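Student: Let me give you the structure first, and then I'll get to my questions.
Here, each number is a calculation from the coordinates, and none is a lab measurement. These numbers were taken from a predicted model, which means no experiment stands behind them. For neighbour counting, all protein chains shown are included, and Cβ atoms are generated from backbone atoms with ideal geometry for every residue, glycine included.
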Amino acid sequence: MNKKLVALLIPVMLLPMIGFAYAHWTDTVYKQYKMHAGTVDVEIDYYHVLNTTSYDVNCNGDVFGDELNITEVWETDFPWVKKDSPSPQLVGLRIKADPIYPCWELRIEIYIHNVGRLSVKMDDPIVEWYTNGTSWYNEDPCWDNTTVGDDPDFDNFHTGPPAGYKWPCTKPNWKPAYFQYDMKFYRNVTGVGWVQFEPTTDGTIKPCKCIKVVEYIHFLGQPYPEFECHWCRLDVWIPFHQHVGENIWCYEGGPERACP
């Protein structure tokens, strides 16, 4: 046989053997991960007027729905939320008291339900008083989210309004001395009942759990006759964010532990 041909064929014949040997001198271990994001999702589950001094001023036999009117706000009521949401949630209340007078008061409780898959943490409530510049409104003030058309690019109430959205009412830095306002928070403790807590220090709500918020408004209007026949507006926001859990250590497994 031609010596040059033999010299060429021998390396070629050895290549499969080299590949076979290489495949049997390697090994691999591996891990796979699946991660599913949770949701931050809260809603108003129930509300109840505990007491009010509103009364039947027009003698038609009604107070609720008349002198004290409560309108439920669902997330699909906002112009940047699609109207065909499969499970719309109650996210707000619009409470209209007409008329109020010196010593008028309202106490109302709402139950906030964590319907998401994550524990949520409460932030400081935001309390904002609105006026028409520097005085009360001469006419019934607007509700903010009914003044623009639908925006199909915004399908989630929780993302907030789209860019360029203009709130139609002014919001000066105004803290009236003639209103007393108070808000308290409670959670249901097994075997104890409703226990008050501070939202920013102990405000974690686990999934499927509720808290109770009790608000009290008292109009101290005696020295202010110039407010007769005028309007003001109060907005209260209770923000939530995801709870960050503590580190958990030392979970072990495997058939045996041979390594030190």
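Student: Pull out the extension gain between GLN180 and VAL29, defined as 0.36 nm times the separation in residues minus the alpha carbon to alpha carbon distance; nm, one decimal.
Tutor: 47.7 nm
Student: What does the highest-first list of 65-73, 31-39 look like by mean Cβ count within 10 Å?
Tutor: Ranking, from highest mean packing down: 65-73, 31-39.
Student: Given the peptides 40-48, 187-195, 238-246, arrange them by the average over their residues of other C-beta atoms within 10 Å, most packed first.
Tutor: 40-48, 238-246, 187-195
Student: Further, regarding this structure: Order 51-62, 104-115, 199-210 from most to least packed using the mean count of other Cβ atoms within 10 Å.
Tutor: 104-115, 199-210, 51-62
Student: Here's something else I'd like to know. In whole angstrom, how far apart do the alpha carbon centroids of region 222-249 and region 205-221 sit?
Tutor: If we compute the Cα centre of each part, the gap is 10 Å.
Student: Sticking with this one: In the structure displayed, which of LYS96/LYS209; LYS96/LYS184; LYS121/LYS209; LYS31/LYS206; LYS184/LYS206; LYS31/LYS121 lie more than 24 Å apart, Cα to Cα?
Tutor: Violating the 24 Å Cα-Cα cut-off are LYS96/LYS209; LYS31/LYS206; LYS31/LYS121.
Student: Can you give the local net charge around CYS59? Use residues other than it whose beta-carbon is closer than 13 angstrom to its beta-carbon, Lys and Arg +1, Asp and Glu -1.
Tutor: -4
Student: For region 230-237, what does the Karplus curve 6.51 cos²θ - 1.76 cosθ + 1.60, with θ = phi - 60°, yield as ³J(HN,Hα) per residue in whole Hz, taken in order and with x for Gly and Pro?
Tutor: 10, 10, 9, 9, 10, 10, 10, 10
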